[in-house]
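**Student:** This is the structure I want to talk about, given as structure tokens.
Bear in mind that the values in this text are calculations on the coordinates, not laboratory data. Since the structure is predicted, the reported quantities are computational estimates derived from the model, not experimental observations. Using ideal geometry, Cβ is built from the backbone for each residue, glycine included, and neighbour counts are taken over all protein chains shown.
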């Protein structure tokens, strides 16, 4: 299985070796698109996809995502990055140039509930989640067999309130060692410290089993049942120091009624959680998300 997945990823990297992406956020003003388009044209690039948004054409913020093809892009990346800096400074841009072939390195954190992790691994095995899953970290042993069967390193690190500093030190060391780009909390039922979050700003994606901002925190399905809700949902968001209040990437809902007990809500909710987290992770990996304040612009 590991060999099959490796072949899928290698084929993708080869097919996409000349594909790049530009993500830009800057104050809105005339000439941005013209300048960027001319820059790409002058360097032999062909724009394949372009999406843009302005909060207000007069004094607002401008966002754009461009996907382009450019021959020998891997060799040209350093040159493009250096020469684009002049345009970036002119328009006060916050920007990022990425190569599609340079797959992001991902770490999955999980506890005892494995449905979200299973979904991510299934998408990955099928070639629908293009990333290098470098390791899985858990505070329980439940996921070990599933993970190691796929050739992914599994690290069991017990995490409690009493040993949180020690546990996070081990986790951060592993993340640094593997040069991790994205951390996915696939129902990892632990609160991260501000130091941990600060080390990976807007690179930690969580799935919360509630349609936020409703039922923040623990046991949302129990509280939803007690409230008699008619809709339940799930929310995937970036992790910040404010519990379950980070920028939202994706949400979904499903209708329920008075016949559904707490366990029914949990069963329905797990299905929503799986799909919501998978979509959010894909969009992040594809550089489709720009954080703006405590919101996201999604292309």
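**Student:** Relative to the longest principal axis of the C-alpha atoms of the chain, give the angle of the C-alpha long axis of helix 164-177, reported between 0 and 90° and rounded to the nearest 10°.
**Tutor:** The angle comes out near 40 degrees.
**Student:** Here's something else I'd like to know. Evaluate the distance, in nm, between pseudo-label points positioned 7 Å from the Cα of residue 90 and of residue 172 along their respective Cα→Cβ axes.
**Tutor:** Placing both labels 7 Å along Cα→Cβ, they lie 4.1 nm apart.
**Student:** Now for a different question. On C-alpha positions alone, give me the angle between the axis of helix 2-15 and the longest principal axis of the chain, in degrees, nearest 10.
**Tutor:** So the helix axis and the longest Cα principal axis differ by about 30 degrees.
**Student:** Additional query: Counting only DSSP beta bridges with both residues in the chain, what percent are antiparallel, rounded to the nearest 5?
**Tutor:** 70
**Student:** If I take every Cα pair under 8 Å that is 6 or more residues apart in the chain, average their sequence separation and divide by the length, what percent do I get for the relative contact order?
**Tutor:** 16
**Student:** To the nearest Å, what is the center-to-center distance of region 243-269 and region 130-146, using C-alpha atoms only?
**Tutor:** 25
**Student:** Using bins 10 angstrom wide from zero, how does P(r) for the chain break down, in % of all Cα pairs?
**Tutor:** Values per bin, smallest distances first: 6, 25, 31, 24, 12, 3, 0.
**Student:** Then there's this: Can you sort 93, 117 by how many other beta carbons sit within 10 Å, fewest first?
**Tutor:** Least to most surrounded, the residues fall as 93, 117.
**Student:** Could you put 124, 283 in order, starting from the residue whose Cβ has the fewest other Cβ atoms within 10 Å?
**Tutor:** Ordered from fewest to most neighbouring Cβ atoms within 10 Å, 124, 283 come out as 283, 124.
**Student:** Select from 47, 64, 33 the residue whose mean-square fluctuation is largest in a Gaussian network model of the chain (Cα-Cα springs shorter than 10 Å).
**Tutor:** Looking only at 47, 64, 33, the biggest GNM fluctuation is shown by 33.
**Student:** Got the relative contact order for region 85-189 handy, in percent, Cα pairs under 8 Å and 6 or more residues apart?
**Tutor:** 37
**Student:** Oh, and also: Quick check on the chain: helices-only [θ] at 222 nm, where DSSP H runs of length 4 and up contribute -39,500 (n - 2.57) each and the sum goes over total residues. Nearest 500, please.
**Tutor:** Here the helix-only value at 222 nm equals -11500 deg cm²/dmol.
**Student:** Label residue 149 and residue 37 with points 7 Å out from Cα along Cα→Cβ: what is the distance between them in nm?
**Tutor:** Inter-label distance under the simple model: 5.2 nm.
**Student:** First obtain the Kirkwood hydrodynamic radius of region 210-299 from its Cα pairs, then insert it into the Stokes-Einstein equation at 4 °C and 1.567 mPa s, and state the resulting D in µm² per second as a whole number. Don't jump to the answer; show the numbers that get you there.
**Tutor:** On the way: Rh = 13.7 Å.
After rounding, the answer is 95 µm²/s.
**Student:** So how tilted is helix 73-90 from the main axis of the chain? Cα-based, degrees 0 to 90, rounded to 10.
**Tutor:** Here the helix axis deviates by roughly 80 degrees.
**Student:** Something else now. Taking a temperature of 20 °C and a viscosity of 1.002 mPa s, what whole-number D in µm²/s does Stokes-Einstein yield for region 33-130 with Rh from Kirkwood over alpha carbon pairs?
**Tutor:** 130
**Student:** Something else about it: Among 243, 22, rank each residue by its count of other Cβ atoms within 10 Å, from fewest to most, as a rough exposure measure.
**Tutor:** Ascending Cβ contact count within 10 Å gives the list 243, 22.
**Student:** Hey, another quick one. Between residue 226 and residue 202, what length comes free when the chain is fully extended (0.36 nm per residue of separation minus the Cα-Cα distance, one decimal in nm)?
**Tutor:** 5.3 nm
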